[in-house]
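The block underneath contains the structure these notes are about, expressed in structure tokens.
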Amino acid sequence: MIIVDDKVINGIPVLELVDSKLEAEKLPLAFFFHGWNGSKERVLPQGYELAKRGFRVVLPEAKFHGARSMGKTETHLMEFWQIVNSSINEFGGILEHYQSEVGIKDNFVGISGLSMGGITTIGILDKFTEVKAAVCLMGCPEPGKFFDLMVTNIIAKQPIPQEIIDSQAKMVADFDLSLEPEKIASRYIHFWHGTADSTVPHEFTKEFFDKVKNKSYAQNVTLTLSKGKGHKVDQETTIDMADRMFEFYQVNDK
């Protein structure tokens, strides 16, 4: 049986999932980050699959979402990148809690997420060397380019002060893995994206993968493009994500 525990860690609401038979043991740790306009409860299916494979799983709540909401999420579209940045910065405090208070088997920390959570995943990978593996579902490893696309689309509907654009562009550049791809450092990363995704274009992911795939530091980076699939993570993709995370843990443990 999988136990789901509602917690607040360092002021951040999270759901923790763990197999009841393993609850008292030191386990490898996995995070899964939800998407825009979602919540930690919305990614319980992904959390369950990871927990079934022996991970202690943490599902954090992003700023302005779920238990942290302040009005409709749509009203915070201009703060999308601040939300991503907050999740990246908050990761350190949550991780420290599990390192010091719970313990992490084999020091394995894996991260995954979908859409906005996938972008967060790669941003965390860029900033935290403690992360051993990542699975990015319909996210973007070139956030600077996706930022430019979002700004173009928003400006078509409403003006944005240039100083806001400049400050947010600088913030995004700080966690843009594509600017320093050598930070991959041979870690295990898998990207999944549907080719019919009209929300987060798969071309950014494909472009990044093509740039790094022959580099020695990216020897463990893989990509799956699902032809005709849109901006949605189905059960098949969820199971594949969890299987890959378990495989990454097993390889890391050797």
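Surrounded by fewer than 22 Cβ atoms within 10 Å (Cβ to Cβ), of a type outside the set (Asp, Glu) and more than 22 Å from GLY230 (Cβ to Cβ): which single residue out of ILE189, ILE155 fits that description?
Within the list ILE189, ILE155, the selection yields ILE155.
Out of the residues in segment 192-222 that are under 28 Å from VAL151 (Cα atoms) and among the aliphatic types (A, V, I, L, M), which is surrounded by the most Cβ atoms within 10 Å (Cβ to Cβ)?
The qualifying residue surrounded by the most Cβ atoms within 10 Å (Cβ to Cβ) is VAL200.
Do we find that GLU101 is in contact (Cβ under 8 Å) with a residue 12 or more places away in the chain, surrounded by fewer than 22 Cβ atoms within 10 Å (Cβ to Cβ) and not small (Gly, Ala, Ser) in this structure?
No, not satisfied.
For segment 10-79, list the strands (runs of 3 or more DSSP E) that sit wholly inside it and hold at least 3 residues that are over 24 Å from GLU247 (Cα atoms), touching a residue at least 24 places away in the same chain (Cβ under 8 Å) and of a type outside the set (Asp, Glu); which are they?
Ranges flagged: 12-19.
When you go through THR205, THR195 one by one, which is the residue that is among the β-branched types (Val, Ile, Thr) and in contact (Cβ under 8 Å) with a residue 60 or more places away in the chain?
Of the residues listed, the single one that is among the β-branched types (Val, Ile, Thr) and in contact (Cβ under 8 Å) with a residue 60 or more places away in the chain is THR205.
All but one of (1) in a loop (DSSP other than H, G, I, E, B); (2) touching a Ser or Thr at 6+ places or on another chain (Cβ under 7 Å) hold for SER112; state the number of the condition that does not hold.
So SER112 meets the others, but not (1).
Give just the number: which of (1) part of a helix (DSSP H, G or I); (2) of a type outside the set (A, V, I, L, M, F, W, C); (3) surrounded by 14 or more Cβ atoms within 10 Å (Cβ to Cβ); (4) in contact with a Phe, Trp or Tyr (Cβ under 7 Å, 6 or more places away or on another chain) does PRO141 not satisfy?
The one condition PRO141 does not meet is (1).
Only one of (1) in contact with a Leu (Cβ under 7 Å, 6 or more places away or on another chain); (2) in contact (Cβ under 8 Å) with a residue 60 or more places away in the chain is not met by ILE239, so which one is it?
Result: ILE239 fails condition (1) only.
Among the candidates LYS211, LYS170, which residue alone is more than 16 Å from the chain's Cα centre (by Cα), closer than 29 Å to GLU236 by Cα and not aliphatic (A, V, I, L, M)?
Step by step, each of LYS211, LYS170 is checked, and only LYS211 is more than 16 Å from the chain's Cα centre (by Cα), closer than 29 Å to GLU236 by Cα and not aliphatic (A, V, I, L, M).
Need the failing condition index for ILE189 against (1) closer than 23 Å to SER86 by Cα; (2) more than 18 Å from the chain's Cα centre (by Cα), just the number.
Failed condition: (2).
Each reported figure results from applying straightforward, stated rules to the coordinates on display, with no laboratory input. Because the structure is predicted, anything quoted here is derived from the model rather than measured. As a convention, Cβ positions derive from the backbone with ideal geometry for all residues, glycine included, and neighbour counts pool all protein chains shown.
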